[in-house]
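Working notes, beginning with the structure itself.
The values are calculated or read from the model by the stated rules, or taken from the named source; none is laboratory data. This is a predicted model, so every value here is computed, not measured. Glycine gets a Cβ as well: all are built from the backbone with ideal geometry, and neighbour counts include every protein chain shown.
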Amino acid sequence: MEVPQRPIVSFDGLGIAPRILEILDRIRFTVPTPIQHKAIPIAIEGKDVIGVAQTGTGKTLAFAIPIIQRLSQKKGRCLILVPTRELALQVNETFQKIAPLFGIRTAVIIGGASMYNQLQALRKNPRVLIATPGRLVDHMSRRTVLLADVDVLVLDEADRMLDMGFLPQIQQILRFIPKNRQTMLFSATIPGEVLKIAASHMKLPVHIEIAPSGTTAERIIQEVFIVKRDAKKQLLAKILEQYHGSVLLFSRTKIGARKITRIIREMGHRAAEIHSDRSLSQRKEALDGFKTGRYRVLVATDIAARGIDVIGIELVINYDLPEDTENYVHRIGRTGRAGHEGRAISFATPEQGGDVRSIEMLIKTALPVSEHPDLPRERFVQYSKPAGHSGFYGIRRNRHVRRKKRLGHQYPRHNFNRF
Ligand code: AMP
């Protein structure tokens, strides 16, 4: 007989201390999200956790509650590593809702921010450090931060943290953290190879999967427009007229982001850009302006957009498809957050049929193709070998795919030239 699943009704019964329950009530968080419901009791017991859950499902509180509870009972410190500055600030915001009420200080250690202020914050004995790897390693080499009493480690957006770019820094940091610790790892997607690396640094982690890796948020309407590169602007203008809410737009490159922002402004919309060529204060101003409605459109590159939590984004536009297929899930996860409805529109050029298929395989859903009545109808073109061609591309591509499989990672297309 099938046992009916009990609906999740409250935070009671998860092992959360009464004072934290009171605060959750006060900030009107009454029903735990599925990842919170599953992860909190395990994390409170001090076990290692690998949490795979869709973006916007409350992952931050799933680790923040057990951490605060633990730090309020025992000595020790917690280190949270995140891939971007914005995410670090956001995680800190969540902690700030509860931690100060227990006298627990936090410090945000991120690149682009004042070293002096960070040193001041570190002197105040923070029990929670929220850091991006580069700046933390900087502090470690100056001996301005000691990690000897870190007994809880969190890797947020773990797939990014353990990929080629960050892995050396993470390994360096791990050497200075006691082995006897609790490790928690959260992400929307965790490729198999990354999982292996992660598991080698953990003690019998409990695997919590709310939705299979790569699942996109349920309440997001997704569609693709097939559009030639030089018609993208025109299509964008039509879409920005058709929808009236806030828009997060993704560009493949920083230069592209700058150009598109200018174009959108010329169309008469308020827009700001967020990418790694902007200073931290410019990025903060852009994000705050977007959150408060000063800017209707935020133009971002993948690197800057990870983990951005803005409630009520009506529309995500992939002006360029992501180079890394998995980023599709992260990008569109910025809309339809915490139970809101959202829409994701992707622009694909006629040559990008293969990329769209890779995305469809990842999300296990076919993306409906839409057409705009005012724009010429396009189709995906099939790649065919030019007459007399040696088939060289085919060989390169196969090597590329084999390497990708081995690393469990998707390489950007421009890396073809390096092989
Ligand atoms: P996160 O996935 O941690 O970025 O959280 C996404 C959003 O959901 C954030 O704005 C949180 O404040 C919100 N949130 C997290 N947990 C809950 C909850 N139990 N009830 C209502 N909102 C929540």
If residue 55 satisfies every condition in (1) within 10 Å of the ligand (Cβ to nearest atom); (2) at pLDDT 90 or above but one, which is the exception?
(2)
Of everything in the stretch 82-119, what is away from the ligand (no atom under 15 Å from the Cβ) and either closer than 16 Å to residue 134 by Cβ or part of a strand (DSSP E or B) (or both)? Give them in sequence order.
85, 106, 107, 108, 109, 110, 111, 112, 113, 114, 115, 118
So for the stretch 68-78 (the condition being under 23 Å from residue 159 (Cβ atoms) and crowded, with 22+ Cβ neighbours inside 10 Å), does at least one residue qualify?
yes
Flagged in the stretch 216-268 as surrounded by fewer than 16 Cβ atoms within 10 Å (Cβ to Cβ) and assigned to a loop (DSSP other than H, G, I, E, B), in numbering order, are 218, 219, 228, 243, 244, 245, 253, 267, 268
Just a yes or no: is a residue in the stretch 16-30 touching a Cys at 6+ places or on another chain (Cβ under 6 Å) and either modelled with pLDDT of 95 or more or within 12 Å of the ligand (Cβ to nearest atom) (or both)?
no
Whether any residue in the stretch 281-297 is under 26 Å from residue 226 (Cα atoms) and either among the hydrophobic types (A, V, I, L, M, F, W, C) or buried (at least 16 other Cβ atoms within 10 Å of the Cβ) (or both) is what I want to check.
yes
Among the residues of the stretch 72-94, what is the count of those that are in contact with a Lys or Arg (Cβ under 6 Å, 6 or more places away or on another chain) and modelled with pLDDT of 95 or more?
1
